[in-house]
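Contents: one structure, followed by commentary.
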Amino acid sequence: MANQNASNVAITGGTIAGVTASLSTPLAVTSGGTGQNALSAHNVLIGEGSSAVGFVAPGASGTLLASTGTGADPSFQSAATLGLAVTSGTLAQFAPTTSAQLASIVSDETGSGSLVFGTAPTISNLNATGTPTAPTATAGTSTTQIATTAFVQAAAGSGRLLNVQVFTSSGTYTPTAGASSAVIECVGAGGGGGGVGATSSTQVAVSGGGGSGAFGRARVTSLSSQTVTIGAAGGGGAAGANAGSAGGQTSIGTWLVCPGGAGGPAGTAQTLTNAQALAGIAAGGAIATTSVTSIFLSRGSASTFGISVYNTGGGVSGGGASSIFGGGGQASSGGANNASGFGAGGGGAANNISSSALGGGSGTAGLIIVYEFS
């Protein structure tokens with residue numbers, strides 16, 4: 001069939017194929033069209049009611065499509081024109097540039113003055129909650145910067161007396177948690193006083209007291225468990241002309257070793273003459289030794305001797321030596337006196353005429369004190 005270009009052609013019956021239809025007038029909006037022959041690339045469509053669809057041409061780079069009111073088409077405008085503070089970057093273009101602008105949009109902003117967002121902000125009356133952290137200053141810092149708990153522990157805690165351990169019986173020293181050094185004091189046991197024999201009507205007898213144990217003080221800077229040995233007290237000599245026994249050695253490992261004092265000499269019955277009857281003295285413990293830092297090392301003290309008063313039938317015993325931690329048994333004109341405290345020597349005894357045998361006074365045991373520091 002030949003092409004037909006005539007208008008208003010009536011066709012009755014038959015089949016129509018290969019027909020191409022075209023619009024010479026754009027389809028109206030009311031008929032579902034746009035009312036436009038074409039749309040320019042990148043334009044933004046705008047509704048115009050029943051009129052042909054309108055459009056807004058693209059604005060300059062970085063501008064924003066903004067409403068200009070209910071009665072006008074929107075348009076592309078710069079952020080500055082729209083009243084938005086612009087700095088640089090992406091999201092930062094919409095950030096306030098003054099504290100006042102920030103305060104006006106932050107609902108819980110109650111402070112006043114300028115906000116400084118920098119490496120050294122000034123904050124007044126900071127009220128932080130939770131568990132805030134901060135850098136820990138180096139040891140020895142003395143400025144106005146914040147001190148963390150770690151800094152305080154290292155600075156204020158160092159050298160603080162942490163605990164005191166006292167040993168009056170043998171055992172094991174175990175460092176207290178957190179202790180880094182210690183000062184140790186040690187004393188050896190005191191010796192016992194001597195006994196005296198029985199006397200006749202023409203005899204007297206006097207004995208000597210016991211010596212005290214050695215004393216030492218030392219510092220340890222590397223703590224570890226140590227065996228503690230407390231020296232046993234020297235016993236007084238049995239009734240009769242019997243010497244007292246020596247005090248035992250006290251030690252804490254090899255850190256500090258303190259020997260005990262010697263036992264007091266015995267008092268034998270002596271016939272009254274115009275001469276004095278003397279009882280010898282007992283030596284103090286040998287000087288203390290240490291394998292750590294020495295602060296003070298000393299030997300024990302010697303006891304005093306006993307003496308009779310010529311031919312009067314009376315006399316005074318030797319006294320036991322005192323230590324830094326205890327008193328020695330006092331001299332006596334009769335029965336012996338025991339020592340007190342720690343590391344002291346027992347007293348001797350004295351027999352006048354026609355008296356029964358007497359025993360010597362007991363010394364006291366050793367002692368160790370450990371002062372622990374953080």
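The values are calculated or read from the model by the stated rules, or taken from the named source; none is laboratory data. All figures in this text were calculated on a predicted structure; none of them were measured in a lab. Neighbour counts are summed over all protein chains in view; Cβ atoms, including those assigned to glycine, are modelled from backbone coordinates with ideal geometry.
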Q.
I want to confirm something. Restricting to region 326-356 and keeping residues that are surrounded by 20 or more Cβ atoms within 10 Å (Cβ to Cβ) and hydrophobic (A, V, I, L, M, F, W, C), which single residue is farthest from residue 207 (Cα to Cα)?
A. 342
**Q.** Residues within region 161-203 that are loosely packed, with under 15 Cβ neighbours inside 10 Å and within 27 Å of residue 286 (Cβ to Cβ), tallied
**A.** 5
Q: Can you give me the number of residues within region 121-144 that are more than 22 Å from residue 158 (Cβ to Cβ) and of a type in the set (A, V, I, L, M, F, W, C)?
A: 3
Q. Is it the case that some residue within region 340-350 is in a loop (DSSP other than H, G, I, E, B) and either without any contact (Cβ under 8 Å) to a residue 40 or more places away in the chain or touching an Asp or Glu at 6+ places or on another chain (Cβ under 9 Å) (or both)?
A. yes
Q.
Regarding region 271-278, can at least one residue be identified that is part of a strand (DSSP E or B) and either under 28 Å from residue 367 (Cα atoms) or among the small types (Gly, Ala, Ser) (or both)?
A. no
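Each row is one residue, and each column tells you yes or no for (1) free of Cβ contacts under 8 Å to residues at least 60 places away in the same chain; (2) more than 52 Å from the chain's Cα centre (by Cα); (3) outside any loop (DSSP other than H, G, I, E, B).
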position	(1), (2), (3)
265	no, yes, no
335	yes, yes, no
338	no, no, no
355	no, yes, no
(Q) Yes or no: region 305-313 includes at least one residue that is in contact with a strand residue (DSSP E or B) (Cβ under 8 Å, 6 or more places away or on another chain) and at positive phi. (A) yes
Q. Taking region 223-243 as the search range and keeping residues that are out of contact with any Ser or Thr (no Cβ under 8 Å at 6 or more places or on another chain) and not hydrophobic (A, V, I, L, M, F, W, C), which one is farthest from residue 298 (Cα to Cα)?
A. 240
Q: Scan region 357-371 for residues that are in a strand (DSSP E or B) and farther than 20 Å from residue 200 by Cα and jot them down.
A: 367, 368, 369, 370, 371
Q: Give region 311-325 a look and list any residue that's of a type in the set (Ser, Thr, Tyr) and surrounded by fewer than 24 Cβ atoms within 10 Å (Cβ to Cβ), or say none.
A: 312, 322
Q: Might you check whether a residue that is closer than 16 Å to residue 267 by Cβ and among the hydroxyl-bearing types (Ser, Thr, Tyr) occurs anywhere in region 322-341?
A: yes
Q | In region 146-177, the residues that are touching a residue at least 24 places away in the same chain (Cβ under 8 Å), assigned to a loop (DSSP other than H, G, I, E, B) and either under 15 Å from residue 374 (Cβ atoms) or touching a Lys or Arg at 6+ places or on another chain (Cβ under 6 Å) (or both) | A | 157, 158, 159, 160, 175, 176
Q. So residue 218 fits all but one of (1) outside any loop (DSSP other than H, G, I, E, B); (2) of a type in the set (Gly, Ala, Ser); (3) at pLDDT below 95; (4) more than 24 Å from residue 239 (Cβ to Cβ); what number is the exception?
A. (3)
Q) Restricted to region 233-263, and to residues that are touching a Gly at 6+ places or on another chain (Cβ under 7 Å), part of a loop (DSSP other than H, G, I, E, B) and of a type in the set (S, T, N, Q), which residue is nearest to residue 182 (Cα to Cα)? A) 249
